[in-house]
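Trainee: Have a look at this one before I ask anything.
All of the numbers you see were taken from the coordinates with simple rules; none came from a lab. Predicted model, so just to flag it, every value in this text is computed and none were measured. Counting neighbours? That spans all protein chains shown, and the Cβs are built from the backbone with ideal geometry, glycine included.
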Amino acid sequence: MRNIELSDRTKSFALRVIKLYGALPKRAECEVIGKQLLRSGTSVAANYREACRARTKAELVSKFHIVVQELDETQLWLELLTDAGFIKADRLQPLQKESDELLSIFVASIKTASR
């Protein structure tokens, strides 16, 4: 996958998370989970952008590991929003699917870069 395409995907993912945060119910619990989601979901794009400027393979792999951690954390917050009944699962399904796909891409990239 080309860097530009992945850069666009991670940025689009961050924008979708931002829009989701804005659409959350105005409840204290949603505010707490939403802010965590906002941090981790937007961090994916920021850390990928940093990875693109890595000076060494080790630095690249390290940044990709951070992207994986942020995606995993984002998935947790999405799960909690649905499990707590704040948002219907079918509404979050496309975002969860994209998160899964990005996670697979970055895990595979780590394996490839580590060889």
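Trainee: Quick test of your reading of the structure: S43 fulfils all but one of (1) out of contact with any Asp or Glu (no Cβ under 9 Å at 6 or more places or on another chain); (2) under 18 Å from S7 (Cα atoms); (3) buried (at least 20 other Cβ atoms within 10 Å of the Cβ). Name the failing condition by number.
Mentor: Result: S43 passes all but (1).
Conditions tested, residue by residue: (1) in contact with a Cys (Cβ under 9 Å, 6 or more places away or on another chain); (2) more than 27 Å from T112 (Cβ to Cβ).
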{"site": "L24", "(1), (2)": "yes, yes"}
{"site": "E29", "(1), (2)": "no, yes"}
{"site": "K35", "(1), (2)": "no, yes"}
{"site": "G41", "(1), (2)": "no, no"}
{"site": "Y48", "(1), (2)": "no, no"}
{"site": "D72", "(1), (2)": "no, no"}
{"site": "W77", "(1), (2)": "no, yes"}
{"site": "D83", "(1), (2)": "no, yes"}
{"site": "R91", "(1), (2)": "no, yes"}
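Trainee: Taking L6, is it surrounded by 12 or more Cβ atoms within 10 Å (Cβ to Cβ), in a helix (DSSP H, G or I) and out of contact with any Leu (no Cβ under 8 Å at 6 or more places or on another chain)?
Mentor: yes
Trainee: Let me ask you something else. Would you check if E79 is part of a helix (DSSP H, G or I), charged (D, E, K, R) and in contact with a Phe, Trp or Tyr (Cβ under 7 Å, 6 or more places away or on another chain)?
Mentor: Here the answer is no, as E79 does not meet what is asked.
Trainee: Pick from the stretch 94-108 the residues that are without any contact (Cβ under 8 Å) to a residue 60 or more places away in the chain and among the hydrophobic types (A, V, I, L, M, F, W, C): which of them is nearest to S40 (Cα to Cα)?
Mentor: Per the stated criteria, the residue is L103.
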